[in-house]
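Below you'll find the structure, written out as structure tokens, and then a few comments.
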Amino acid sequence: MFKSSNITDRSSSVQLIGKLLMTAFILAFFVFSVELTTDAFEHLGKGTAQTILSVASNPFVGLFVGLLITALIQSSSTCTSMVIALVAANTLSVKDAIPIVMGANVGTTLTSTIVALGFLSEKKSFRKAISAAMLHDAFNILSVMILFPLELRYGILSNSAEWLAGMFSINKTTAIGAETHQSASDLTYYLRKWTGNEWIVLAISSIMLFSSIKLFSSFIYKKLISTPRILMQNLFFSSPWGSFAFGGALTGMVQSSSITTSFVVPLAATGKVSVKQTFPFVMGANVGTTITGFIAAYSQSEAALIIAIVHFLLNASGTLIFMPFPPLRQIPVRIAKNFGRLTLKNRLYGFAYIILTFFLIPFFLIYFSK
């Protein structure tokens with residue numbers, strides 16, 4: 001019996017070490033993918049840079065560029081990481097990058113709305129599911145509506161981020177960072193030589209970046225999150241701040257607010273948590289997802305770090321507007337519930353909202369801006 005206990009402990013230790021090593025490998029793969037993407041952008045040339053800048057120079061268009069890209073690839077983390085790579089490669093300015101990050105924040109809400117459509121055949125469950133999903137939309141859209149004009153007029157996010165980056169900026173030429181960038185440059189050189197096309201290299205690096213985030217999300221969610229689900233429901237949704245902390249910690253580990261906000265939609269649909277209880281979780285998830293940007297900015301330029309801080313300040317500011325004040329906290333909840341009732345009367349409202357908000361309006365605005 002004693003021997004059996006030792007074998008079990010040893011097996012658990014080996015499994016834990018295996019999980020930690022796998023996590024470290026995926027993180028290293030992600031950092032390398034960002035370096036490779038940055039290097040690929042640097043080799044695209046001035047013509048490409050001018051094309052990107054001409055589209056993003058209009059802040060309203062930049063906002064919808066971020067929204068559309070995120071809606072298409074279903075990952076604001078990937079979109080934000082690519083923006084950081086563009087800024088690090090001096091292809092995109094901090095000023096032009098901020099609206100894209102804001103748009104990505106709105107675009108990421110599509111996933112949970114699609115998950116809610118899975119309850120379409122069950123009237124009562126569908127109303128709760130679409131309301132819970134709409135919370136993410138309402139919070140991010142309201143936050144952008146408040147902060148976007150303030151950023152345009154006063155530079156409230158960019159100036160704060162620049163000040164913070166100046167205080168906490170680390171030496172970007174550390175040995176590890178230099179080695180990583182050098183190995184990324186070597187791989188970019190061989191890929192360019194092999195393919196003969198910079199766009200193919202950029203496509204490969206972008207696929208690697210997207211894959212690394214999805215791989216990390218899937219691995220962490222399956223190995224570390226999914227088992228104690230019932231315990232988490234009872235323990236973390238009992239208070240607003242507990243729900244907020246749970247959303248932030250869970251998303252920080254999974255590195256995808258799309259996954260974690262989609263996680264609460266079935267809980268709301270089945271009545272395990274109320275729509276009101278899910279809102280602090282959504283705010284926490286929005287703050288937790290910003291860790292990806294900081295990892296992507298590692299060993300990059302100070303401008304890249306500024307974008308990562310802007311992403312954090314955007315979500316943290318939205319939380320500070322709504323979270324401490326119960327009356328304000330009720331506004332997104334009421335919007336979400338009303339939208340749920342409206343969609344329940346006619347399912348077409350839900351589909352029309354998705355198609356117009358995430359695809360048609362951004363596409364036509366970007367197209368006609370040319």
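The values are calculated or read from the model by the stated rules, or taken from the named source; none is laboratory data. Predicted, not measured: the structure shown is a model, and the values here were computed from it. Virtual Cβ from ideal backbone geometry, glycine too; neighbours counted across all protein chains shown.
The set of residues from region 333-351 being surrounded by 13 or more Cβ atoms within 10 Å (Cβ to Cβ) and not in a helix (DSSP H, G or I) comprises just one member, ARG347. Residues being surrounded by fewer than 18 Cβ atoms within 10 Å (Cβ to Cβ) and closer than 21 Å to ARG127 by Cα are represented in region 323-332 by at least one member. Looking at region 225-237, is at least one residue part of a helix (DSSP H, G or I), at pLDDT 85 or above, surrounded by fewer than 16 Cβ atoms within 10 Å (Cβ to Cβ) and over 14 Å from the mean Cα position of the chain (by Cα)? Among the residues of region 225-237, not one is part of a helix (DSSP H, G or I), at pLDDT 85 or above, surrounded by fewer than 16 Cβ atoms within 10 Å (Cβ to Cβ) and over 14 Å from the mean Cα position of the chain (by Cα), which makes the answer no. Would you say LEU27 is surrounded by fewer than 20 Cβ atoms within 10 Å (Cβ to Cβ), modelled with pLDDT under 65, among the aliphatic types (A, V, I, L, M) and within 19 Å of the chain's Cα centre (by Cα)? In short, yes. Flag: ALA89 matches the condition of being over 20 Å from THR289 (Cβ atoms), among the hydrophobic types (A, V, I, L, M, F, W, C) and modelled with pLDDT under 80.
Only a single item in (1) farther than 19 Å from ILE259 by Cβ; (2) at pLDDT below 70 is not met by PRO59, and it is number (2). In the set SER160, SER112, SER125, only one residue is more than 22 Å from the chain's Cα centre (by Cα) and surrounded by 15 or more Cβ atoms within 10 Å (Cβ to Cβ); that residue is SER125. Does at least one position in region 260-272 carry a residue that is more than 17 Å from the chain's Cα centre (by Cα), free of Cβ contacts under 8 Å to residues at least 12 places away in the same chain and assigned to a loop (DSSP other than H, G, I, E, B)? No: region 260-272 contains no residue that is more than 17 Å from the chain's Cα centre (by Cα), free of Cβ contacts under 8 Å to residues at least 12 places away in the same chain and assigned to a loop (DSSP other than H, G, I, E, B).
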